[in-house]
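The values are calculated or read from the model by the stated rules, or taken from the named source; none is laboratory data. Quick caveat, the model's predicted, so the values are computed rather than measured. Cβ placement follows ideal geometry from the backbone for every residue including glycine, while neighbour counts extend to all protein chains displayed. Keep in mind that these areas ignore ligands, DNA and RNA; they rest on the heavy atoms of the full protein, side chains included. Shrake-Rupley method; radii C 1.70, N 1.55, O 1.52, S 1.80 Å.
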Amino acid sequence: MAELKQFKMPDVGEGLTEGDILTWSVKPGDTVVVNQILVEVETAKAAVELPSPYAGVVTELHAAEGETVEVGRPIITIDVGASVPSAEPAPEANVSEAEVGSAAEPAAEPAEAAPNERQSVLVGYGPRSGPAGRRPRKTAQPPETPSANPAFNVAPAPPPADAPETRHRVLAKPPVRKLAKALGVDLASVAPTGPNGTVSREDIEAAANGDAKPRRAGDRETRIPIKGVRKHMAAAMVASAFTAPHVTEFVTVDVTPMMDLRTRVAARPEFRDVKVSPLVFVAKAVILAAKRTPEINASWDDTAGEIVLKHYVNLGIAAATARGLVVPNIKDADQLTLVELARAIGELTDTARAGKTAPADMSGGTITITNVGVFGIDTGTPILNPGESGIVAFGAVRKMPWVVDDAIVPRWVTQLAVSFDHRFVDGQLGSQFLADVAGVLADPGLALL
C-alpha cells in the first residue's frame with residue numbers, strides 16, 4: 001500500500017528563503033534509504049547536500065536542476081510504504097561550497113513538518129563520529145527484486161531529454177558544475193577532455209574564455225543567471241550602500257619597519273610552517289585600533305534604537321571565489337596570538353578559495369579587511385559588510401621614494417582606506433582609528449603601548 005511523503009525545501013540556516021537545485025542524485029523509481037543524499041542545492045551562502053529523511057521509493061521530483069525553489073515547497077515525493085533493503089546509516093553529510101566542509105551549527109527541522117513526522121537534521125550539523133567523507137550519489141535497486149509498489153514493477157518510459165534525471169548524466173564533479181554555473185557555461189555544450197569522458201575545470205574555463213565552440217552559432221552575448229552567492233552579494237551591497245551613510249578616508253604609510261619585522265618573525269621556529277604575509281600585521285593593527293575606537297567595531301540596531309558595541313572582534317577577510325565575493329570571519333580574533341592569527345588567516349583564505357567555507361563562518365562578523373593589494377591596486381572605497389560599521393582596504397606594498405631626515409630614500413609604502421558608518425562613527429573617530437592602524441604599521445613597537 002502506497003504511503004507518500006513529501007520532503008520540502010528546508011531553511012538550511014539563518015533565515016534563507018530559497019535555494020537553487022544543482023544536481024539530483026536520484027530519479028523516480030530509485031530506492032533510497034535514510035540519510036542517502038537526494039540532491040545538492042545552492043543557497044546564498046553555500047552548496048548543501050540534502051539527505052533523505054525517509055526510506056522508500058522515489059515517485060516524483062518536483063523541481064528541475066537549475067530551478068530556484070522557495071523554502072517550504074516540496075521538492076521530492078517518496079513512497080515509504082514500498083519495501084526497501086536495509087542499510088547501515090550513512091555518515092552525516094557535510095555543508096560546503098564545493099564538496100566537503102566543516103560542521104556549522106544546529107539547523108532547524110524542515111519547515112511545516114506534520115505532527116509526529118520526523119525530518120532529519122540537515123547536512124552535517126552536530127558532532128561527527130568519524131572523518132568526513134563523501135557518500136555514494138545513488139543506491140541502486142536490488143536486481144530482480146520486485147517493488148512492493150506495483151507501479152514500479154514495469155519498465156519506465158524513457159525520460160525527456162531535458163528531464164533532471166537525464167540532464168545530470170553529463171560527467172562532471174560538483175566543483176566543476178559550480179564553476180560552470182558561475183561562469184554561465186552550459187555543461188552539455190562542452191566537449192569533455194577529462195578522465196573517462198568527464199568535463200574538467202580547464203574545459204569550463206576554455207568555454208568561458210571563448211576557446212570552445214559556442215552553444216549556438218552567432219551568439220554575441222552571454223547571460224549569467226543572478227543566483228546563489230552573487231545574488232546575495234548584490235542584495236547585501238545595495239542594502240548597505242543605501243542604508244548606512246558611507247564615509248571613506250585614506251592614508252599613505254611608510255611600512256618599512258613592519259616589513260623588517262615580518263622578515264624577523266618569519267624566521268622564528270613557531271612560524272616555520274605558517275605564511276607570514278603583510279596582511280597578518282594589518283589584521284593585528286586593526287584589532288588593536290578597534291579597542292581604542294570601539295564604535296568602529298559596532299552595529300546599528302534600528303529596531304531597538306541602540307548602538308551595539310562589540311567587546312570581541314570577529315574579523316572578516318573578503319575573498320574572491322569562482323562563486324562570487326564571500327566574507328568569512330575569524331571568530332574572537334582579538335584573543336589570538338600573532339602565530340594563531342597568521343594560521344587562522346591562511347586556513348580561512350584557503351578554505352574560501354577551495355569553495356568549502358561553512359555558512360557559520362560567514363555570519364557574525366564585526367569588522368572587515370579587503371586586501372585589494374593582492375591585485376596590484378593601491379586603494380579603494382570599500383562598501384561596508386551589512387551589519388558592520390567599519391571596513392579597511394589594504395593596498396599594494398611597493399618600494400617608493402620617501403623623505404627620511406630630509407633625504408629621499410627607497411622605502412616600503414602602502415595605502416590604507418577605511419569606510420565607516422557615519423550614523424555613529426563621526427570624522428574624528430574614523431580618523432583616529434585609521435591613524436592608529438597606520439601608526440602600528442609604521443612603528444610596530446607602538447603595539448606594546
### Query
Quick one: how many residues across region 388-404 are among the aliphatic types (A, V, I, L, M) and surrounded by fewer than 17 Cβ atoms within 10 Å (Cβ to Cβ)?
3
### Query
Considering region 230-271 alone, what residues qualify as being of a type in the set (D, E, K, R), surrounded by 17 or more Cβ atoms within 10 Å (Cβ to Cβ) and not in a helix (DSSP H, G or I)?
D254
### Query
Within region 393-418, how many residues turn out to be among the basic types (K, R) and under 23 Å from I317 (Cβ atoms)?
1
### Query
Is at least one residue of region 346-363 buried (at least 23 other Cβ atoms within 10 Å of the Cβ), among the β-branched types (V, I, T) and farther than 27 Å from V48 by Cα?
no
### Query
When region 44-70 is examined, which residues are found to be closer than 29 Å to A236 by Cα and open to solvent by 10 Å² or more (accessible area, probe 1.4 Å)?
A44, K45, E49, A64, E65, G66, E67, T68, E70
### Task
Quickly run through region 418-442 and pick out the residues that are of a type in the set (G, A, S) and either more than 18 Å from L288 (Cβ to Cβ) or out of contact with any strand residue (DSSP E or B) (no Cβ under 9 Å at 6 or more places or on another chain) (or both).
S419, G427
### Query
Hey, G376 hits all of (1) touching an Asp or Glu at 6+ places or on another chain (Cβ under 6 Å); (2) farther than 22 Å from I296 by Cα; (3) at pLDDT 90 or above but one; which does it fall short on?
(1)
### Query
Mind checking which pairs have a first residue in region 335-359 that is acidic (D, E) and a second that is modelled with pLDDT of 95 or more and assigned to a helix (DSSP H, G or I), Cβ under 8 Å, 6 or more apart or different chains?
none
### Message
Go through region 283-312 and report how many residues are open to solvent by less than 70 Å² (accessible area, probe 1.4 Å), of a type in the set (S, T, Y) and in contact with a helix residue (DSSP H, G or I) (Cβ under 8 Å, 6 or more places away or on another chain).
### Response
1
### Message
So, in region 434-449, exactly how many residues are in a loop (DSSP other than H, G, I, E, B) and free of Cβ contacts under 8 Å to residues at least 60 places away in the same chain?
### Response
1
### Query
Of everything in region 184-201 that's modelled with pLDDT of 75 or more and not in a loop (DSSP other than H, G, I, E, B), which residue is surrounded by the most Cβ atoms within 10 Å (Cβ to Cβ)?
L187
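Output the residues belonging to region 405-433 that are open to solvent by 10 Å² or more (accessible area, probe 1.4 Å) and either in contact (Cβ under 8 Å) with a residue 12 or more places away in the chain or at positive phi (or both).
D405, D406, R411, W412, Q415, H422, R423, F424, G427, L429, S431, Q432 - these are the residues of region 405-433 that are open to solvent by 10 Å² or more (accessible area, probe 1.4 Å) and either in contact (Cβ under 8 Å) with a residue 12 or more places away in the chain or at positive phi (or both).
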### Query
What single numbered condition from (1) modelled with pLDDT under 95; (2) open to solvent by less than 30 Å² (accessible area, probe 1.4 Å); (3) under 21 Å from V308 (Cβ atoms) fails to hold for N385?
(2)
### Task
Kindly state which strands (runs of 3 or more DSSP E) lie completely within region 347-433 and contain at least 2 residues that are within 26 Å of V247 (Cβ to Cβ).
367-370, 390-394, 407-421
### Task
Inspect all residues belonging to region 279-289 and state whether any of them is modelled with pLDDT under 95 and within 20 Å of I330 (Cβ to Cβ).
no
### region 358-378, residues that are over 26 Å from A396 (Cα atoms) and of a type outside the set (G, A, S)
P359, D361
## Note on the structure
With criteria (1) under 24 Å from R230 (Cβ atoms); (2) modelled with pLDDT under 95; (3) of a type in the set (D, E), D405 comes up short on (1)
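How do the strands (runs of 3 or more DSSP E) wholly within region 303-346 filter down when requiring 1 or more residues that are under 29 Å from F271 (Cβ atoms): which remain?
315-317, 319-321, 324-326
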### Query
Under the condition of being in contact with a strand residue (DSSP E or B) (Cβ under 7 Å, 6 or more places away or on another chain) and at pLDDT 95 or above, which residue from region 318-360 is nearest to V41 (Cα to Cα)?
N329
